[in-house]
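The values are calculated or read from the model by the stated rules, or taken from the named source; none is laboratory data. These figures come from a predicted structure and were not determined experimentally. FYI the Cβ positions are ideal-geometry reconstructions off the backbone, even for glycines, and counts take in every protein chain you see.
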Amino acid sequence: MGGGTGRAPVTGDDGEAVLAAIRTRRVVRSMRPEPVDRPVLEAVLDAARWAPTAGNRHLQRFVVTDDPGVLRVLRAVSPGMLQHPAAAIVVCTDRALAAGYGFPPGAPGLFVDVGTATATILLAAHALGIGAGPVTSFSHAAVSVVLGLPEGLEPELIVCLGHPAPGGPAPMRGGRRLSWRDLTTWVPPQD
Amino acid sequence: MDGSTEESQAWVLDENEALELLGYLITAARTQVDEAAEYGPLRLLTVAHRLADRIVPRASAGTARFVTGPLAQVPELAVPRDGRAEYVARLDELCRAVAGLLSDRWAAGPDGPR
Ligand SMILES: Cc1cc2nc3c(=O)[nH]c(=O)nc-3n(C[C@H](O)[C@H](O)[C@H](O)COP(=O)(O)O)c2cc1C
C-alpha cells in the first residue's frame, strides 16, 4: 500500500525550478508599501494547506491581515519585526483541537507543524515573486489581543509579506557559509 | 544654566511615534525572557535606530549628526557572537560618541559652561 494519491512526481525542469527556489529564497526585511494582491495571498495560503502535518491533523490555523492599522499594531508589539509588511499571515495552533486529539501542550509535533507551514509559505511567496520574512519575536499575549484570537488559538509565528524593496538592515551574519556536508553525519561513517 | 537653545528643546516625537516605541520596549521585555541573551543588545540597538529615525527630522543639528553618523554605522541586527571583540569595540565607540553629544549639550567643558 503506497498511500499516495497517484499524483505525478515532479520531473525535469520542474524539479530544477523547485530546487532553485529552495536555494534562492532569502528572508526579506525591506518591503515596499503597496499591497499584495488578494489572489496572490490566497495562492500562498493554498500552498500552506499542503504542508505536511503531524498525523495529518492540520492543527494550524492561518490568521491573515492586510489592514494597515492592524499591521501597524502588530509591528509595534513584535520586536523581531524589522520590515514594514503589506500583509501578514499569523500561523496559529488550535490548542483546543490539539488537546482534543490528545496532544500534550508541549508536543513537539505541534511546533514542527508551524515550521513546515512556515517553510511552505516562505517558498510559495518566493515562487510568486513576493518577499517574506518569519518573525517569532513578538508578544503572544499582545498579538492575541490585536487579532482578537479566541481562547485556545495560540499565535506561534508571523510571516511578513510584501513586495521586496532594495536596502534594509544587513542580514544576520551566520559565520562561515555552511554546506550540507557540515550539517550531515553518515552512519556508518563515509571516507 | 544648561546651555539649551530653543532648538534643542523642540519636541522630536509625536504621541503615535512614542507609542510605537513604548510598544516595542514593553513587548521586548517579554520576548527577551524566552530568547537568547545575545538578542538583548540587538533589541536595544533596533529600538535605538527606530528612535533615531523618528527624531532626526526634528532634532537639532548636533543630535542629527550623531544619529546619522556614529549610530547609523552600527548595524541593528548584529549580535556579539559575530565577533565579540569588534562588537564591544564598536559599542564602546558609540558610547563615547553619545557621551560627547550629551556633554556638548549639558556639561561644562574645560573652558567653562557651554
Ligand atoms: C523559527 C524562526 C524564527 C525567526 N524569527 C525571526 C524574527 O523574529 N525576526 C527576523 O527578522 N527573522 C527571523 N527569522 C529569520 C532568520 O533570522 C533567517 O531565516 C536566517 O537569518 C537565515 O536567513 P535566510 O532565510 O535569508 O537564509 C526566523 C527564522 C526562523 C526559522
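Could we say that A:VAL135 is within 14 Å of chain B (Cβ to nearest Cβ) and modelled with pLDDT of 95 or more here?
yes
Check whether at least one residue in the stretch A:44-53 is within 16 Å of the ligand (Cβ to nearest atom), within 18 Å of the chain's Cα centre (by Cα) and closer than 30 Å to A:GLY100 by Cα, and report yes or no. Walk me through it before giving the result.
Residues of the stretch A:44-53 that are within 16 Å of the ligand (Cβ to nearest atom), as a first pass: A:48, A:51.
Then drop every residue that is not within 18 Å of the chain's Cα centre (by Cα), which leaves A:48, A:51.
Filter once more, so that each one left must be closer than 30 Å to A:GLY100 by Cα: A:48, A:51.
Yes, that holds for at least one residue.
Restricting attention to the stretch A:65-96, which residues are within 14 Å of chain B (Cβ to nearest Cβ) and free of Cβ contacts under 8 Å to residues at least 24 places away in the same chain?
Residues of the stretch A:65-96 within 14 Å of chain B (Cβ to nearest Cβ): A:68-84.
Answer for the stretch A:65-96, where residues must be within 14 Å of chain B (Cβ to nearest Cβ) and free of Cβ contacts under 8 Å to residues at least 24 places away in the same chain: A:PRO68, A:GLY69, A:LEU71, A:ARG72, A:ARG75, A:ALA76.
Checking A:VAL143 against (1) under 18 Å from the mean Cα position of the chain (by Cα); (2) of a type in the set (A, V, I, L, M); (3) away from chain B (no Cβ under 14 Å), which single condition isn't satisfied?
The single condition A:VAL143 does not satisfy is (3).
So, restricting to helices (runs of 4 or more DSSP H) that lie completely within the stretch B:16-114, which ones have at least 2 residues that are within 11 Å of another protein chain (Cβ to nearest Cβ) and of a type in the set (D, E, K, R)?
B:39-55
Pairs needed: first member in the stretch A:109-124, more than 14 Å from chain B (Cβ to nearest Cβ) and within 15 Å of A:HIS58 (Cβ to Cβ); second member anywhere, more than 8 Å from the ligand (Cβ to nearest atom) and aromatic (Phe, Trp, Tyr); C-beta distance under 9 Å; at least 6 residues apart or different chains.
Here the result reads A:GLY109/A:PHE103; A:LEU110/A:PHE103; A:ALA117/A:PHE62; A:THR120/A:TRP50; A:ILE121/A:PHE62, each pair linking the stretch A:109-124 to a residue that is more than 8 Å from the ligand (Cβ to nearest atom) and aromatic (Phe, Trp, Tyr).
In the stretch A:64-77, what residues are away from the ligand (no atom under 16 Å from the Cβ) and closer than 18 Å to B:ALA18 by Cα? First the steps, then the outcome.
Of the stretch A:64-77, the ones away from the ligand (no atom under 16 Å from the Cβ) are A:64-70, A:72-73.
Matches in the stretch A:64-77: A:GLY69, A:VAL70, A:ARG72, A:VAL73.
It is to be established whether one or more residues within the stretch B:40-57 are farther than 19 Å from B:GLU17 by Cα, without any contact (Cβ under 8 Å) to a residue 40 or more places away in the chain and not small (Gly, Ala, Ser). Walk me through how you get there before you give the answer.
Narrowing the stretch B:40-57 to residues farther than 19 Å from B:GLU17 by Cα: B:40-42.
Cutting the leftovers down to without any contact (Cβ under 8 Å) to a residue 40 or more places away in the chain gives us B:40, B:42.
With the extra rule that they be not small (Gly, Ala, Ser), the set shrinks to B:42.
So far as the stretch B:40-57 goes, yes, one or more of its residues are farther than 19 Å from B:GLU17 by Cα, without any contact (Cβ under 8 Å) to a residue 40 or more places away in the chain and not small (Gly, Ala, Ser).
What single numbered condition from (1) among the hydroxyl-bearing types (Ser, Thr, Tyr); (2) within 14 Å of chain B (Cβ to nearest Cβ); (3) away from the ligand (no atom under 16 Å from the Cβ) fails to hold for A:SER30?
Unmet for A:SER30, out of (1) among the hydroxyl-bearing types (Ser, Thr, Tyr); (2) within 14 Å of chain B (Cβ to nearest Cβ); (3) away from the ligand (no atom under 16 Å from the Cβ): (3).
With respect to A:ARG61, determine if the residue is of a type in the set (D, E, K, R), within 16 Å of the ligand (Cβ to nearest atom) and either in a loop (DSSP other than H, G, I, E, B) or at pLDDT 95 or above (or both).
Against the criterion (of a type in the set (D, E, K, R), within 16 Å of the ligand (Cβ to nearest atom) and either in a loop (DSSP other than H, G, I, E, B) or at pLDDT 95 or above (or both)), A:ARG61 does not qualify.
Regarding the stretch A:30-47, can at least one residue be identified that is in contact with a Cys (Cβ under 9 Å, 6 or more places away or on another chain), of a type outside the set (Val, Ile, Thr), surrounded by 17 or more Cβ atoms within 10 Å (Cβ to Cβ) and not in a loop (DSSP other than H, G, I, E, B)?
Yes; the residues of the stretch A:30-47 include at least one that is in contact with a Cys (Cβ under 9 Å, 6 or more places away or on another chain), of a type outside the set (Val, Ile, Thr), surrounded by 17 or more Cβ atoms within 10 Å (Cβ to Cβ) and not in a loop (DSSP other than H, G, I, E, B).
Check whether at least one residue in the stretch A:52-75 is among the polar types (S, T, N, Q), in contact with a helix residue (DSSP H, G or I) (Cβ under 6 Å, 6 or more places away or on another chain) and more than 16 Å from A:PRO155 (Cβ to Cβ), and report yes or no.
yes
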